[in-house]
Every structure is written in C-alpha cells, then in structure tokens.
Amino acid sequence: MATITSNLQQQRARIAAATQAAGRPVESVTLLVVSKTFPADAVREAIAAGARRFGENYVQEGLEKIAALADHRAQIEWHLIGPLQSNKTRLVAENFDWVHSVDRLKTAQRLSEQRPPELPPLNICLQVNTSGEASKSGVAPADLPALAAAVAQLPRLRLRGLMGVPEPTADFETQRHAHRQLAELQHALQQAAPGPHLALDTLSMGMSADLEAAIAEGATMVRVGSAIFGARRYAA
Ligand SMILES: *Cc1c(COP(=O)(O)O)cnc(C)c1O
C-alpha cells in the first residue's frame with residue numbers, strides 16, 4: 001500500500017515537469033485523484049499522503065466512499081466525473097462538491113433545484129464531445145454556447161469550465177490536438193462572457209496516459225487514477 005504514496009509523489013513530479021515545460025506555474029494545475037473501483041482504505045492512504053480531491057464515476061460507489069470517509073469530509077472534495085442519470089441528481093446535489101459530466105440542461109436544472117441551501121453552490125463542468133461520435137457522452141460543440149449560457153443562470157450552480165475525455169491514443173501530437181479543441185471552446189466561451197456567474201477557471205482534461213499533452217494545452221485539473229492506484233479490476 002505504500003506504493004500509493006510514492007505513486008502520488010511521482011504524479012506530482014510529472015505535473016511539475018509538464019507545467020515547467022509549458023512555462024506555466026506549477027500551482028496552475030490541480031490533481032484530481034480518480035478513486036473509482038478502489039476501496040475507501042486506498043483513498044485514506046492518499047489522504048494521508050496529502051491528496052485532497054477525489055473523482056468517482058459511479059454515484060452509488062461514490063456515496064459509499066463519502067460515507068466511509070465521513071471523518072475526512074471537511075478536508076476533502078468529492079467530484080463526480082462519470083455519467084449522471086436524472087434519477088440520481090438529488091443524491092449528487094446533496095453529497096458531492098463538483099460534477100464534471102453535465103451535458104444537458106435538464107440535469108443541471110435538477111442539480112440546482114436539489115442543491116441543499118446550507119451548502120455552497122455545486123461546482124459544474126460541462127462535458128464536451130469533441131470527437132463527434134454519437135455514442136459518446138458530452139454536449140456537441142455547436143450546442144455548447146447555449147448550454148453554458150443557460151447553466152450559468154442557475155442559482156445553485158457555479159459553472160467552472162469544461163471537461164473532456166478524448167479518444168485514447170499513444171501519439172502525443174494527436175493527444176494535444178484533442179485537448180486543444182477543448183481549450184479553444186473554453187476560450188470562445190470566455191470571450192462571449194454571458195454573465196457574472198461565468199468564472200470559467202477550470203479546464204478538466206488529461207488522465208494517466210496523456211496529462212503532459214493536456215497541460216501543454218492549458219489543463220487546470222488533471223484526473224489521474226491508474227497511475228496512482230494501479231490497474232482497475234472491474235467486477236465481472
Ligand atoms: C477513469 C477516469 C479517469 C482516470 O483514468 P486513468 O487512466 O486511470 O488515469 C479520468 N477521467 C474519467 C472521466 C474517467 O472515467
């Protein structure tokens with residue numbers, strides 16, 4: 001288990017090297033530790049090693065870990081990064097700090113309505129489908145400006161930026177190209193600036209295999225799972 005601590009150190013070093021290569025301050029990139037499929041004990045070790053932000057893909061699994069780690073709740077942030085069905089929005093609004101995977105207005109409206117008044121606004125990234133494959137989650141780039149403008153008006157949400165999950169490829173330039181598309185969409189939204197709710201300080205892109213390419217293109221939050229916890233084994 002001590003490997004989680006050393007893997008975390010390695011990933012921080014990777015981020016530092018990538019920010020330096022890009023001429024960016026090291027603190028301009030935040031590490032989101034993706035803990036999906038790994039037990040609460042693994043998260044506990046990552047917390048002990050200084051990790052403070054965790055990403056989960058499945059609502060139920062995330063809720064179980066949030067409950068198991070309730071003693072750390074004030075210290076850490078929980079981010080939902082996987083697809084969100086509308087019948088699960090209430091539990092997400094009540095328990096998570098961020099949702100990266102919003103791609104339709106209906107989901108955003110429910111999250112805003114269901115966010116408990118005693119909690120701060122829920123942080124939102126809009127997931128964009130830049131590859132154009134119909135099977136993939138994410139709003140189409142052409143529909144993004146209208147969705148962003150509408151989500152920015154919702155009172156209990158705070159629109160922070162965009163999330164991308166490009167097709168896996170080993171080629172660095174192809175990785176960069178996909179990340180650049182998302183960065184350009186974010187830039188265009190910032191130029192349009194449709195209102196005071198639109199801070200747009202977050203570009204959530206880059207994972208274990210492509211975080212250097214993502215940081216080169218302006219990622220502010222990289223989502224790293226297997227490079228920290230090891231290969232995932234899904235239940236059969
Ligand atoms: C699983 C997952 C990650 C982490 O992927 P790794 O390759 O394990 O780093 C990041 N983002 C999303 C949306 C994921 O589903």
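Tabulated values for the structure
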{"item": "Fraction of beta bridges assigned by DSSP in the chain that are antiparallel (%, nearest 5)", "result": "0"}
{"item": "Surface share of carbon and sulfur [accessible, 1.4 angstrom probe, percent] for the chain", "result": "53"}
{"item": "Top positive-direction residue, dipole computed over the stretch 19-92 with Cβ charges, set 70, 50, 87", "result": "87"}
{"item": "Given 13 as the ceiling on other Cβ atoms within 10 Å, longest exposed-site-free region of the chain for GluC sites (Glu not before Pro) in DSSP loops", "result": "1-117"}
{"item": "Choice from 211, 122, 63 showing the highest fluctuation, given a GNM over the chain with Cα pairs closer than 10 Å", "result": "63"}
{"item": "Sites excluded, trypsin sites (Lys or Arg not before Pro) in DSSP loops with at most 13 other C-beta within 10 Å, longest stretch of the chain", "result": "74-231"}
{"item": "Relative contact order of the stretch 1-121, defined on C-alpha pairs under 8 angstrom at six or more residues apart (%)", "result": "18"}
{"item": "All lysines inside 17 Å of residue 36 as judged from Cα atoms, apart from same-chain residues fewer than 8 positions distant", "result": "65"}
{"item": "Whether the chain is rounded, prolate or oblate, judged on the alpha carbon gyration tensor where a/c under 1.5 counts as rounded", "result": "oblate"}
{"item": "Taking the chain and dividing mean pair separation by its residue count, relative contact order in percent (alpha carbons under 8 Å, at least six apart)", "result": "20"}
{"item": "Per residue accessible area of the stretch 128-213, 1.4 Å probe, in Å²", "result": "48"}
{"item": "Solvent-accessible area per residue for the stretch 1-124 (1.4 angstrom probe, square angstrom)", "result": "46"}
{"item": "Reach of residue 106 by Cα under 21 Å, taken over lysines that are not fewer than 8 positions away in the same chain", "result": "88, 136"}
{"item": "At least 20 Å along the helix axis (C-alpha) and Kyte average at least -0.5, DSSP helices within the chain", "result": "2-21"}
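The values are calculated or read from the model by the stated rules, or taken from the named source; none is laboratory data. Note that the structure is a prediction, hence the values are computed from the model and not measured. We place every Cβ from the backbone using ideal geometry, glycine too, and count neighbours over all the protein chains shown. SASA here: full protein model, heavy atoms, side chains in, ligands and nucleic acids out. Shrake-Rupley method; radii C 1.70, N 1.55, O 1.52, S 1.80 Å.
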